[in-house]
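Heads up: the structure comes next, in structure tokens.
The values are calculated or read from the model by the stated rules, or taken from the named source; none is laboratory data. For clarity, every value in this text was computed on a predicted model and none was experimentally measured. Virtual Cβ from ideal backbone geometry, glycine too; neighbours counted across all protein chains shown. Heads up: the accessible areas ignore ligands, DNA and RNA and are worked out on the full protein's heavy atoms, side chains in. Shrake-Rupley method; radii C 1.70, N 1.55, O 1.52, S 1.80 Å.
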Amino acid sequence: MPKFAANLSLLFTELPYLDRFSAAAQAGFTAVEILFPYDLAAKETRRALLANGLDLVLINAPPPNYTGGEPGYAAVPGGTARFQSDIRRVLRYAKVLKPQYIHMMAGYASGEEALACFVENLRWAADFAPDQMFTIEPLNPVSQPDYFLNDYELAAEVLDQVERPNVGLQYDSFHAQMIHGDALTIWDRFKAQIVHAQIGAAPDRSEPGRGEMDFAALFKAMDQSDYQGWVSAEYTPSTRRTEDTLIWLRQ
């Protein structure tokens, strides 16, 4: 079976933020990801990680604009200076938190200008922080209307143009199923570029074992492809207690 991590932005949300780390560890997870850890001082999150023996797999970037802007804009033309400033801030957090990956959110845009902007910003980040791994992730148009990176073929094209060893593909079974109708086929087609994976059922983004997807087949395919990365549980629990949804983890 793959090695599983817990997304603490979606799992264990019945608990206060800092209590979720111990809950994840008690449930058997040895790594976590946090979508936007910027509300709290980085040292507090780092302390919770260390106290519970947890690795931090991933955070998202750029950080949200709390004045009303969108949470991601790496592909939105005209924001290069702001992008570089915000990524410097993200990297200050990363220096303390030590995430394996930083997911670069493309934002809401379209067209060739947006593609060029996204590629340019990714190259800049990769060159500015060559020891940090970055990811890009296609998001489905039902959950994220008008999101620029909305297709795995487009993601592969972006990676081909960026041509940096520290930028890779982030796979999400929920988004892959919603975009292309077959998350397993998408895994098989793009596995060579995938450096991080997330799982959730479609169409409601609940826990594995619900919906239309065969997770046993997906996990088998991951094993057979010799994937060595983390597989993060990034779903909305269908019950009040996250622990009650972890049957898939025990099987």
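Please report, to two decimal places, log10 I(q)/I(0) for segment 203-251 at q = 0.21, 0.24 Å⁻¹ as given by the Debye formula with identical point scatterers on the Cα atoms and no solvent.
Reported log10 I(q)/I(0), two decimals: -0.82, -1.01.
Where does each of M178, M104 land when they are ordered by accessible area, with a 1.4 Å probe and the largest first? The partial results should precede the final answer.
On the way: M178 55, M104 0 Å².
Highest to lowest solvent-accessible surface, that is M178, M104.
Find, among the chymotrypsin sites (Phe, Trp or Tyr not before Pro) in segment 59-130, those assigned to loop by DSSP (not H, G, I, E, B) with at most 16 other beta-carbon atoms within 10 angstrom. Kindly include the intermediate steps, with their values, before the conclusion.
Numbers: sites: Y66, Y73, F83, Y93, Y101, Y108, F118, W124, F128; in loops: Y66, Y73.
Loop-located and lightly packed - Y66.
Based on the Cα coordinates of segment 100-197, what is the per residue volume of their convex hull in Å³? Can you show the working numbers first?
Details: hull volume 8.3 nm³, N = 98.
Enclosed volume per residue, from the Cα hull, is 85 Å³.
Could you tell me which trypsin sites (Lys or Arg not before Pro) in segment 159-251 are loop residues by DSSP with no more than 12 other beta carbons within 10 angstrom of their beta carbon?
Qualifying residues, ordered by number: R240, R241.
Please report the antiparallel percentage of the DSSP beta bridges confined to the chain, to the nearest 5.
Values: 1 of 29 bridges.
Here the share of antiparallel DSSP bridges comes out near 5 percent.
Could you check how much of the accessible area of segment 167-251 is carbon and sulfur, as a whole percent, using a 1.4 Å probe? Write out the running numbers ahead of the final one.
Working: 1670 of 3660 Å².
Answer for segment 167-251 is 46 percent, counting heavy atoms of protein chains only.
For segment 155-251, what is the Kirkwood hydrodynamic radius in Å, using each pair of distinct C-alpha atoms? It would help to have the intermediate numbers written out before the result.
Values: mean 1/r = 0.0712 Å⁻¹.
Value: 14.0 Å, from the Cα pair sum.
How many percent of all Cα-Cα pairs in the chain sit more than 22 Å apart?
Details: 16533 of 31375 pairs.
When all Cα pairs of the chain are counted, 53 percent exceed 22 Å.
Please report, as a whole percent, how much of the solvent-accessible surface of segment 1-94 comes from carbon and sulfur atoms (probe radius 1.4 Å).
Details: 2040 of 4000 Å².
Carbon with sulfur: 51 percent of the solvent-accessible area.
Using amide H atoms built in the peptide plane, which far-off residues or other-chain residues are under 5 Å from Q198 H to H?
Counting only residues 5 or more places away or on other chains, the set is Y171, D172, S173, S232.
Given DSSP loops and a limit of at most 11 other Cβ atoms within 10 Å, what is the longest stretch of the chain that contains no such GluC sites (Glu not before Pro)?
Values: sites that count: E163, E212.
Value returned for the longest uninterrupted segment is 1-162.
Quick one: Cα centre-to-centre distance for segment 161-220 and segment 11-33, in angstrom?
23
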